[in-house]
Structure formats: C-alpha cells, structure tokens
Amino acid sequence: MELSLTDTTRMLVDGFGAIGALAVALVLWRRARRSTVQNVLLLVFGLSGLFYAFRALVRATGFEVFGALTLVLACALPLSALLLAEILLRRHAPLWIKITIGGGTLLGIFAALLAGSGIDKAFSLAIYVPCALLLVLGLIVFRRRDSLSPMENTTLNSYGRALLATGLLAVTDFGIGSPFGLSALGMLGLAYAAAAGANAPKGWLDTIKELSLAFATALILSGALLWLHRPDTWLDAASVLVVTLAALLALSVLLRLRSGGNDQQRRLFDQALANARTDTLPHFINDASRVTPLEGLILIQGDDLKDYDPALLPQAFEGRAVMHLSSLWGAHERADAREQLRDLLLRHNSTHAILIGDQPLQIGLVALGGSAMLDEDERAMALFQKMAALIVQNTGAA
C-alpha cells in the first residue's frame, strides 16, 4: 500500500510520539515500587503510547480495526489526565468536570465500538478530546495550589504547559491549521516533563529556551537533508521539518530517562552543596534547599515530634538515609515504626523522609511532584543526609 506524503508524515510523527510515551511507561513499569502518582503516570503514558502506536499502524497497514481501537484509547486519555491532575493537586475536580469528561469517555468508546470503520470516520467522533484536555488544563491553572510544595507546583506548571500544547495541537488531528496531525509533539512534551520531573523547565522562558534549541537543531538537520534532495513543494519541506522535530523530541525524552540525564541540574545541586554554609544545620538546610530535589525541605525535630515515639521512627528507615512514602505500606516486621513514619509524611504532605540524626531525632521532609525518575533525586538526598549528619556531629547542635 502506497502512502501519500501527508499520511507518511502523520505515521512517522505518531510513531515517534509512541516511542516517547511508551519509553516513560516502560521505565515506570520496571520500577520495583511506585507511588500513586507514578501508577497514574504509567496509565497516562501507557494509553498515550498505545494510542499513537495504533494510529501509526492504521496508516502503515490500512487495517481498519485499528481505527476503533485508536478512538477508544483517545477517549480514555482525558479521563486519565483528569486523574493525574486530581492526584497532583491533592483535590477533587468539580462534579461537572467529572461528569463531562467521564460521560464523554463512555460515549466516545461506545461510538467507537459502533463505528467500526476507518480511522477518518471514527476519529471524527473524538472532537471532545481536545476540549476535555483544555478542561483539565483549566483545573490545573485555576485550582488553588498554596498547600503544595515548590517542587510540586513546578511539576504541575510543567505538565500544564505541555497539556496546553497538546490540546492546541490536537485540533490539527482534524485537519485544522495543518495538513499533518501534530498532537504527538505535545505528548512528547508531556513525556519530557515526566522524565525531567522536578528538573523540568521552571517557567515559560526556560521552556521556550529548550524548545528553541530543539527547533533550531531540527531546522539545521532538515536544511541539510533538503539540500541533499531538493523538495518539489513546500509541503515536502514542511514534512521533513516536522518529522525531524518529532525525532529530536523523542530523543530528548530518551536521554532524560537515561540514568544521569539531568547533568545540568546535578551540577547546580553539587554547586549548592559546595557553597552552603556549614556552621549550623539550619544555615546548611537553608542554602541547600534552594535547588531541586531539596527545594521546600522542612526540618522536623523537638516539639514537632511530640506525637511520635523517638525510638520507633529511626527503625522505619531500616539503616537507609532516605525513605519514600510508597515503601511504607504493606505488612512488615517493623509495622509500628513504619506506621509512625507514614503518618508523619502524610501529615506534612511529603513524599520523602531523610534521617539526619537520631540523637536528637531530626528528620527532613521533602515533597516531590510526579516524576518518572526518582533514583537520581534520592541519591542527591542521600548525599545531603551524609553532609547534614556530619554537621550535626561536628557542631553538636541543630
């Protein structure tokens, strides 16, 4: 089956979108332990990756059965995005939003199963998808977030920007504004945000800088390819640019997921530790907690622990410096100690506990947002703990 230039471009862009989304889902699936946020991220990127993979297969094979499957997955995406937004915000969405998105999902899936025809007819039923994504975006933007930590707000802002791009680019899937469906580029932005986690760009300016680099590189590569083979039309040139940009964004996601992919952020963290004052623990924490993954860290000690057993809490760490909330559930021989540490984390809306010292008992609490990669952040916390423990040992005071 010979594909047109437009269909070939859509297939390749969707293919790269599937690679980025499924790569994030695979990393999350292979984790030995996952938080609730990461379970929802696994659902979001698993569904998204399968959606773009099936849509690419529709173009590549012409099998109409993938058309209905694509619409089923497309209709489920806003619902999974709503679940993610609610968990990150730690608030329920208004009932009318739940009814609109949930009802649209059910109606869309029912229509897809009835349609059973090609991708073009079936997908025309999913016009509600970009509208539903924009509803979720509105929930993220306008919901009160003053109870969230700085890093949780940073992560939410990053997801919000990527969701805005996805919702706007989704209209191109209906032939509006572009001959190519470009929503996969927005999904790659979401995958990049998940892979970067707290190290994602903090504002619009930082986001534009990173996107400008990818776009400029795509222009250079596209120009080189077009120089080797002159295009017959502007549509040919545009298709090369779009496919190249999608490939670069997918590569960026894979590099972020690779261990050590946050080199720049790690250098900032190392620099913050090197320059932090070490005369007292509060000074050290104040200086070190200005950068991720320690941004917003709070020190729990003294009267803050009056409701807990100071002999039990250190046992919950089991000789480790850092404990994640998701590690404290389930049956265990130290169930009492784990229950106390779990309660402490939940009371302060935190995800990680750092045992700075046990005599006197001092625990640092950190709240990280949704991220596909926590290993690097936890190693940074362990390094912070070693330095903080030495400061306590040397100064003999908090």
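Some points to look at:
Listed here are the residues, each with its yes/no results for (1) among the aromatic types (Phe, Trp, Tyr); (2) out of contact with any His (no Cβ under 7 Å at 6 or more places or on another chain); (3) over 22 Å from Val27 (Cβ atoms).
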position	(1), (2), (3)
Pro150	no, yes, yes
Leu164	no, yes, yes
Phe174	yes, yes, yes
Leu182	no, yes, yes
Leu205	no, yes, yes
Leu254	no, yes, no
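- Subset of the range 87-101 (residues that are without any contact (Cβ under 8 Å) to a residue 12 or more places away in the chain and either more than 26 Å from Leu368 (Cα to Cα) or surrounded by 14 or more Cβ atoms within 10 Å (Cβ to Cβ) (or both)): Leu95, Trp96, Ile99
- The lone exception for His92 - which of (1) at pLDDT below 85; (2) part of a loop (DSSP other than H, G, I, E, B) it fails: (1)
- Residue check, Ser289 in the same structural domain as Asp377 (by TED's automatic domain parsing), surrounded by 21 or more Cβ atoms within 10 Å (Cβ to Cβ) and of a type in the set (S, T, N, Q): yes
- Each residue in the range 302-332 was checked for being farther than 25 Å from Ala274 by Cβ and touching a residue at least 40 places away in the same chain (Cβ under 8 Å), and 9 of them qualify.
- Filter result for Gly186 (more than 18 Å from Leu235 (Cα to Cα) and in contact with a Ser or Thr (Cβ under 8 Å, 6 or more places away or on another chain)): yes
- Of the residues making up the range 174-193, at least one is closer than 23 Å to Thr292 by Cα, in contact with a Lys or Arg (Cβ under 7 Å, 6 or more places away or on another chain) and assigned by TED's automatic domain parsing to the domain that holds Gly104.
- Among the conditions (1) in contact with a helix residue (DSSP H, G or I) (Cβ under 9 Å, 6 or more places away or on another chain); (2) part of a helix (DSSP H, G or I); (3) within 29 Å of Leu190 (Cβ to Cβ); (4) modelled with pLDDT under 85, Leu226 misses just one, which is (3).
- Set side by side, the residues Thr217, Thr207, Thr244 differ, and just one is at pLDDT 90 or above and among the hydroxyl-bearing types (Ser, Thr, Tyr), which is Thr244.
- Those helices (runs of 4 or more DSSP H) lying entirely in the range 261-364 with at least 3 residues of a type outside the set (A, V, I, L, M) and modelled with pLDDT under 85: 263-275
The values are calculated or read from the model by the stated rules, or taken from the named source; none is laboratory data. Quick caveat: nothing in here was measured; it's all calculated off a predicted structure. So basically every Cβ, Gly included, is an ideal-geometry build from the backbone, and we count neighbours across all protein chains shown.
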